[in-house]
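Just dropping this structure here.
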Amino acid sequence: MKRGQLLGSLEQIILLALVRLDGTAHGMIVRREIEERTGRNISIGAVYATLERLEKKGYIRSFTGEPTPQRGGRAKRLFRIEGAGKRALQISEQTILSMTAGLKDHWGTI
Amino acid sequence: MSRCPPPTFACRLLESVLPDAYGEAILGDLIEEYALRIESTSRSIASRWFWSQTCRSVPSLVWYSLRRGNCLIRMSVAVGVYIFMGTLKFAVDLIISKLLAPDQATYVVLAPIVFLTTTAIGGWVAARIRRGTTIFLALMVTITVAILIDLKVCSIPVPWWYQFGFLALGPLAVIITPALFGRLKPREVVA
């Protein structure tokens with residue numbers, strides 16, 4: 001696996017959040033999902049910076065939604081996970097599994 | 001849905017540093033979540049959350065802005081405004097020295113006023129030309145002031161905090177002025 005294909009921890013968490021949210025969501029929903037599941041209170045800026053990075057890597061795609069009064073007339077930016085993103089998640093999971101295989105007995109000593 | 005507007009200054013601050021690509025989306029997300037939080041908690045808690053998100057998002061967004069491909073345009077605008085600021089400061093300094101012929105003490109008082117006014121004007125102009133440019137301009141002001149302090153350009157003996165004030169307040173004036181005096185871009189609200 002090439003270095004650029006490896007997912008950072010936040011990238012991995014955000015991709016997993018998108019999968020949990022049926023593949024498509026906007027930034028604040030992703031942020032809320034992560035906060036609810038992990039208790040990690042990340043900033044919306046960090047979420048969007050990571051989403052933009054993932055989009056550049058071709059793991060997700062973004063498109064503009066409709067502006068609504070609830071958003072002060074500002075349009076939503078929706079993100080959708082792509083096939084490459086799902087594959088990257090699978091590789092990432094396999095990497096973790098292979099690196100942690102047989103280590104359960106050692107947890108107490110680490 | 002609550003009609004309480006989110007903290008205006010925080011919105012303006014975000015607008016001045018947000019990159020164009022996701023600027024609308026980020027601010028829209030925050031406004032939407034803010035309205036939901038007002039309903040579930042209170043206005044003060046929601047405002048605190050909004051401010052916390054703003055302050056914590058700015059570093060990521062600044063880094064994101066710096067890494068974006070279109071930073072060359074922003075940098076060019078920042079350089080242009082920087083030259084304008086320098087010219088303005090030089091002209092004001094020249095006028096002051098011709099008209100007032102200030103002594104050292106007067107100069108020590110006038111220098112920060114002139115400096116902060118020109119940086120504030122520069123910040124405002126940069127934000128009007130292109131959103132996100134203020135970050136580059138603030139960076140250039142910081143570097144310039146740091147170099148000038150290191151070169152000991154100021155021949156008048158001044159305390160350390162006086163010079164530190166230039167270093168801290170100069171970039172801050174560049175970033176905060178557009179937020180203070182700018183206007184949020186009007187949006188067409190879909191009913």
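Values in this text are rule-based calculations from the coordinates and carry no lab data. Computed from a predicted structure; not experimentally measured. Every residue, glycine among them, receives a Cβ derived from its backbone with ideal geometry; neighbour counts consider all protein chains shown.
From the backbone phi of region A:42-51, what are the Karplus-calculated ³J(HN,Hα) couplings (6.51 cos²θ - 1.76 cosθ + 1.60, θ = phi - 60°) in whole Hz, Gly and Pro given as x?
8, 7, 5, x, 5, 5, 5, 4, 6, 4
What is the distance in Å between the Cα centres of region B:150-182 and region A:7-31?
Value for the Cα centre distance between the two parts: 41 Å.
Relative to the longest principal axis of chain B, what angle (0 to 90°, nearest 10) does the C-alpha long axis of helix B:104-129 take?
Tilt relative to chain B: about 40 degrees.
At 7 Å along Cα-to-Cβ for each site, give me the label-to-label distance between B:Val92 and A:Phe63 in nm.
5.0
Then there is this: Working from Cα positions, state the angle (0 to 90°, nearest 10) between the long axis of helix A:27-38 and the longest principal axis of chain A.
Here the helix axis deviates by roughly 30 degrees.
Here's something else I'd like to know. Can you give the Kirkwood hydrodynamic radius for region B:8-67, in Å, rounded to one decimal and based on Cα pairs?
With all distinct Cα pairs of region B:8-67 included, I get 11.8 Å.
Once the Cβ-Cβ distance between A:Ser9 and B:Ile73 is put in as r, and R0 is 35 Å, what FRET efficiency do you end up with, to the nearest 0.05?
0.60
At 222 nm, what helix-only mean residue ellipticity would the protein assembly as shown give, in deg cm²/dmol to the nearest 500, using -39500 (n - 2.57) for each DSSP H run of four or more?
-23500 deg cm²/dmol
Another question, if that's okay. Note the full-extension length gain between B:Phe181 and B:Leu151 as 0.36 nm times their separation in residues minus their Cα-Cα distance, in nm to one decimal.
That pair, B:Phe181 and B:Leu151, stretches by 7.4 nm at full extension.
Related question: Other chains' Cβ within 10 Å of A:46-54 residues: what's the mean?
Across the residues of A:46-54, the mean count of other-chain Cβ atoms within 10 Å is 5.
About the Cα centre, and with charges only on the beta carbon of Lys, Arg (+1) and Asp, Glu (-1), how big is the dipole of the protein assembly as shown? Nearest 20 debye, please.
That gives a dipole near 440 debye.
Would you work out which of B:Ile149, B:Ala168, B:Leu36 lies farthest towards the positive end of the dipole of chain B? Charges go on Cβ: Lys and Arg +1, Asp and Glu -1.
Looking along the dipole axis, the top candidate is B:Leu36.
What nm value, rounded to one decimal, do you get for the distance between A:Ile91 and B:Trp160 when each label is placed 7 Å out toward the C-beta?
With each label point 7 Å from Cα toward Cβ, the separation is 5.1 nm.
Okay, next question. In degrees, nearest 10, range 0 to 90: what is the angle between the Cα axis of helix B:8-17 and the longest Cα principal axis of chain B?
Helix B:8-17 sits at roughly 70 degrees to that axis.
Please report how far the C-alpha centroid of region B:71-92 lies from that of region A:34-99, rounded to the nearest whole angstrom.
36
Still on this structure: Obtain the nm distance between the two label points defined at B:Val108 and B:Ser40 by a simple spin-label model: each point lies 7 Å from its Cα along the Cα-to-C-beta direction.
Inter-label distance under the simple model: 5.5 nm.
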